[in-house]
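Here is the structure we will look at.
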Amino acid sequence: MQLSLFRHASRCVRGARAYSSGGEGEVRDVVVIGGGPGGYVAAIKAAQLGMSVTCIEKRGTLGGTCLNVGCIPSKSLLQSSHMYEHMKHYAASRGVICDNPRFDLKAMMKTKEDGVRTLCGGVEQLFAKNKVRYVKGRGRFRSPTEVEVLGEGEVVKEVVRGRNVIIASGSEPTPLKGVEVNERNIVTSTGALSLEKVPRRMVVIGGGVIGLELGSVWSRLGAEVTVVEYAEVICANADLEMSKQFKTILEKQNLRFKMRMAVQRAVSQEDGTVRVELSEVKSERKETVEADVVLVAVGRRPYTTGLGTENIQLKMKDLMIETDEHFRTNVPNVYAIGDVIKGPMLAHKAEEEGIAVVEYLHSGVGHVNYDAIPSVVYTSPELAWVGQTEGQLSAKGIKYKVGKFQLKANSRARTNGLTDGFVKFLADAETDRLLGVHMLGECAGELIAGPVFAMEYGASSEDVARTCHAHPTISEAIKEAAMATCSKPIHQ
C-alpha cells in the first residue's frame, strides 16, 4: 500500500508539470473546496510540492470565516477597544494624561476593514505566485472526481475535474431555536463585527470564545453586556479552575453573567429592542431581559449543506464528515479537513490538517499532533491552554502533578500593572511529562507557544524549569510554574 501511495504521488508531480498552464477543463492533481485557513493553506502547499491545484471559494474573497468575518476582524476591534479602555481608565495612573478620551467607531471599523482587505488580497497574491487556479463560486460534487462550480442563480459555470478532492468548506454559526437572526438587532458574530453604533444594552447568548470576545469589545465601548450561558461555567473546554477565575475577572470588567439559563426565544419589538425570554435550567423559573442587540454565539456547525455529498454517498454524521487518521473519507480520492471533521473548530488546527493531508498525498506521510494544539480567548487578560485539563485527566484515571505561579508575583507583570491571572502546569506523576499547560494573563495567547513547543517534543516540567527565561519578562511565570511542578531539584 505504501508503495502505491508513492507511485500516486509521482503521478501527481508528473501531472503538475504537464498541466502547468492552469487552464479550465484539465484534470487537476488536487481540487480544494473552500478558501479558508485549511483550504488555502492546503492549496498553496500542494502547489509548492509540484501539484496542479484549483481552489473553489463561494464567498468572493479568500480567507474564509477567519479572515473575513472571524478571527482577524474581531482582533482588530479587540485591539482598538482595548486601547480606548486603557486610555480611559488606566493611562493616568501611569502618568500618561489624556483628558476626556473618545473613540470614533467608524474609524475603528475602517481599520478593521482595511486589515481584512489587505490580508484577503495577500492570499490571492500567494495563489497567483504559486500558480493555484482560483475559481469563484460554490462547489458541488457531480462525482468523486468532478466538482461543479455554481454561480448566481445556481447556474453551473464550469466543471472542475481532479484526481483528488479536499473538502475544506468550514463552518457557520449554529442557529438557536426560537431566535431568528436578522443581522440587525439579533445578530451572529458577523453582524456583531459591523454594528453602526454602540448598543446601550447587549445580551450575548453563549459564554464561549466568540461571545466573550465580542461581548468584551462592546462592553469596553460602553454597552451594558449580559452573557447568558446554559452551562455552569464559561469556556466549558477550559480547565475549571482557570474558567472560574476568568469569570471573576470579567465580572470586575462589568460583564454580567446569567448562568444555567436557557433561552426560550428572542423577539424583536416595534421600538427596535429585543425581548429575550429565559428559563432557569434546574427550576424552570422564568425571566425576561431586554436588549438593543442580541448576539447569538452558541457555537458553530460544519458547513456541508449543498456540497452534493449525496451524489457521491459521502459518509457523514450530524453534518460532520467522517474521516480516518489520514483525512480520507469513505469515497476514494476525497478528503476532508478543518471544521467539517471532528476536533476543535480552530483556524490553526485547519491549517495543520491542510499541510498534513497534502503531505500525505505527496509522500504517504502526514500527521497532526492533536495534543499540542493551543486554544486562546483573546480578551484582556487572555486565557490560553494546550493539552488536557485536570477534569479530563481525572476522568481518565491518570495520576498527575500540579504546579502554579501567580502573576502578581512576577516582576514584569507587577511593574506593568497586569497582575490578574496565573500559570498552571499539569505533568504525569511518574514520568513528569507535560500533559497540559493553562495560562490566564496578558499576552497568554503569545506565551502559550513555548509550552506548545515543549509538549510537541515530549518535554517534562523539569525540562521547562531548566530552560533559561529572560528577566524581567512575564514568560518567567512559565518557568516558575514548571519549577513548582517537577519533583527533582533544579540544581544538582
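Which residue out of 75, 106, 88 is free of Cβ contacts under 8 Å to residues at least 24 places away in the same chain, in contact with an Asp or Glu (Cβ under 9 Å, 6 or more places away or on another chain) and surrounded by fewer than 18 Cβ atoms within 10 Å (Cβ to Cβ)?
On the way: 75 fails: free of Cβ contacts under 8 Å to residues at least 24 places away in the same chain; 88 fails: in contact with an Asp or Glu (Cβ under 9 Å, 6 or more places away or on another chain).
The conditions single out 106.
Give the residue that is modelled with the lowest pLDDT, with candidates limited to residues of the range 130-154 that are among the small types (Gly, Ala, Ser) and not in a strand (DSSP E or B). Let's see the steps before the verdict.
Filtering the range 130-154 for residues among the small types (Gly, Ala, Ser) gives 137, 139, 143, 151, 153.
With not in a strand (DSSP E or B) added as a condition, the list becomes 137, 151, 153.
On the way: 137: 97, 151: 95, 153: 92.
Result: 153.
Residue under question is residue 251, and the condition is that it be farther than 30 Å from residue 336 by Cα, part of a strand (DSSP E or B) and at pLDDT 95 or above; does it hold? Spell out the reasoning first.
Working: farther than 30 Å from residue 336 by Cα: yes; part of a strand (DSSP E or B): no; at pLDDT 95 or above: yes.
Criteria not met by residue 251.
Take the range 412-451 and flag every residue that is β-branched (Val, Ile, Thr) and more than 25 Å from the chain's Cα centre (by Cα). Break it down into steps so the answer makes sense when it comes.
The first filter runs over the range 412-451 and keeps only residues β-branched (Val, Ile, Thr), leaving 415, 419, 423, 431, 437, 448.
Of everything in the range 412-451, those that are β-branched (Val, Ile, Thr) and more than 25 Å from the chain's Cα centre (by Cα) turn out to be 415, 419, 431.
Any chance you could count how many residues in the range 347-362 are closer than 10 Å to residue 327 by Cα and of a type in the set (Lys, Arg)?
0
Check off (1) in contact (Cβ under 8 Å) with a residue 60 or more places away in the chain; (2) under 30 Å from residue 69 (Cβ atoms) for residue 346 and give me the number that stays unchecked.
Only one criterion in (1) in contact (Cβ under 8 Å) with a residue 60 or more places away in the chain; (2) under 30 Å from residue 69 (Cβ atoms) is unmet by residue 346, namely (1).
For residue 442, only one of the following conditions fails: (1) among the acidic types (Asp, Glu); (2) over 26 Å from residue 244 (Cβ atoms); (3) touching a Pro at 6+ places or on another chain (Cβ under 7 Å). What is its number?
Unmet condition: (2).
How many of the residues in the range 348-362 are surrounded by fewer than 22 Cβ atoms within 10 Å (Cβ to Cβ) and among the aliphatic types (A, V, I, L, M)?
Looking only at the range 348-362, we keep the residues that are surrounded by fewer than 22 Cβ atoms within 10 Å (Cβ to Cβ), and these are 348, 355-356, 359-360.
Pick out the ones that are also among the aliphatic types (A, V, I, L, M) and you get 355-356.
Qualifying residue count, the range 348-362: 2.
Identify the residue in the range 303-327 that is in a strand (DSSP E or B) and more than 20 Å from the chain's Cα centre (by Cα) and, among all such residues, is surrounded by the most Cβ atoms within 10 Å (Cβ to Cβ). Give the steps one after another, and end with the answer.
Step one: filter the range 303-327 for residues in a strand (DSSP E or B), giving 316-317, 320-321.
Now narrow it down to the ones that are more than 20 Å from the chain's Cα centre (by Cα): 316-317.
Numbers: 316: 18, 317: 8.
Per the criteria, the residue is 316.
Going through the range 293-302 one residue at a time, which ones are out of contact with any Ser or Thr (no Cβ under 6 Å at 6 or more places or on another chain) and either part of a strand (DSSP E or B) or not aliphatic (A, V, I, L, M) (or both)?
First, pick out the residues of the range 293-302 that are out of contact with any Ser or Thr (no Cβ under 6 Å at 6 or more places or on another chain): 293-295, 297.
Listed by number, the residues that qualify are 293, 294, 295.
Report, ordered by the first and then the second residue, all pairs with beta carbons closer than 8 Å, sequence separation of six or more or different chains, a first member in the range 300-313 that is farther than 17 Å from residue 341 by Cβ, and a second member that is not in a strand (DSSP E or B).
Going by the 8 Å Cβ cut-off, the qualifying pairs are 313/330; 313/331.
Please go through the range 326-342 and give me each residue that is within 16 Å of residue 303 (Cβ to Cβ) and in contact with a helix residue (DSSP H, G or I) (Cβ under 6 Å, 6 or more places away or on another chain), ordered by number.
Answer for the range 326-342, where residues must be within 16 Å of residue 303 (Cβ to Cβ) and in contact with a helix residue (DSSP H, G or I) (Cβ under 6 Å, 6 or more places away or on another chain): 337, 338.
Does residue 45 satisfy being in a helix (DSSP H, G or I), closer than 27 Å to residue 149 by Cα and not assigned by TED's automatic domain parsing to the domain that holds residue 191?
Values: in a helix (DSSP H, G or I): yes; closer than 27 Å to residue 149 by Cα: yes; not assigned by TED's automatic domain parsing to the domain that holds residue 191: yes.
Yes, satisfied.
Got a sec? Which of 135, 155 is within 30 Å of residue 314 (Cα to Cα), among the β-branched types (Val, Ile, Thr), more than 22 Å from the chain's Cα centre (by Cα) and surrounded by 14 or more Cβ atoms within 10 Å (Cβ to Cβ)? Talk me through it step by step, then tell me what you get.
Working: 155 fails: surrounded by 14 or more Cβ atoms within 10 Å (Cβ to Cβ).
Exactly one of 135, 155 is within 30 Å of residue 314 (Cα to Cα), among the β-branched types (Val, Ile, Thr), more than 22 Å from the chain's Cα centre (by Cα) and surrounded by 14 or more Cβ atoms within 10 Å (Cβ to Cβ), namely 135.
Would you confirm whether or not the range 469-488 contains a residue that is acidic (Asp, Glu), in contact with a helix residue (DSSP H, G or I) (Cβ under 8 Å, 6 or more places away or on another chain) and surrounded by fewer than 17 Cβ atoms within 10 Å (Cβ to Cβ)?
Restricting attention to the range 469-488, the residues satisfying the condition of being acidic (Asp, Glu) are 476, 480.
Filter once more, so that each one left must be in contact with a helix residue (DSSP H, G or I) (Cβ under 8 Å, 6 or more places away or on another chain): 476, 480.
Checking the rest, the ones that are also surrounded by fewer than 17 Cβ atoms within 10 Å (Cβ to Cβ) come to none.
No, the conditions are met nowhere in the range 469-488.
What number of residues in the range 245-299 are closer than 19 Å to residue 214 by Cα, touching a Phe, Trp or Tyr at 6+ places or on another chain (Cβ under 9 Å) and without any contact (Cβ under 8 Å) to a residue 60 or more places away in the chain?
Counting residues in the range 245-299 that are closer than 19 Å to residue 214 by Cα, touching a Phe, Trp or Tyr at 6+ places or on another chain (Cβ under 9 Å) and without any contact (Cβ under 8 Å) to a residue 60 or more places away in the chain gives 3.
Inspect the range 240-247 for any residue being surrounded by fewer than 17 Cβ atoms within 10 Å (Cβ to Cβ) and in contact with a Lys or Arg (Cβ under 9 Å, 6 or more places away or on another chain) and give the result as yes or no.
No: zero hits.
The values are calculated or read from the model by the stated rules, or taken from the named source; none is laboratory data. Nothing here was measured: the structure is a model prediction, and the numbers come from that model. Neighbour counts are summed over all protein chains in view; Cβ atoms, including those assigned to glycine, are modelled from backbone coordinates with ideal geometry.
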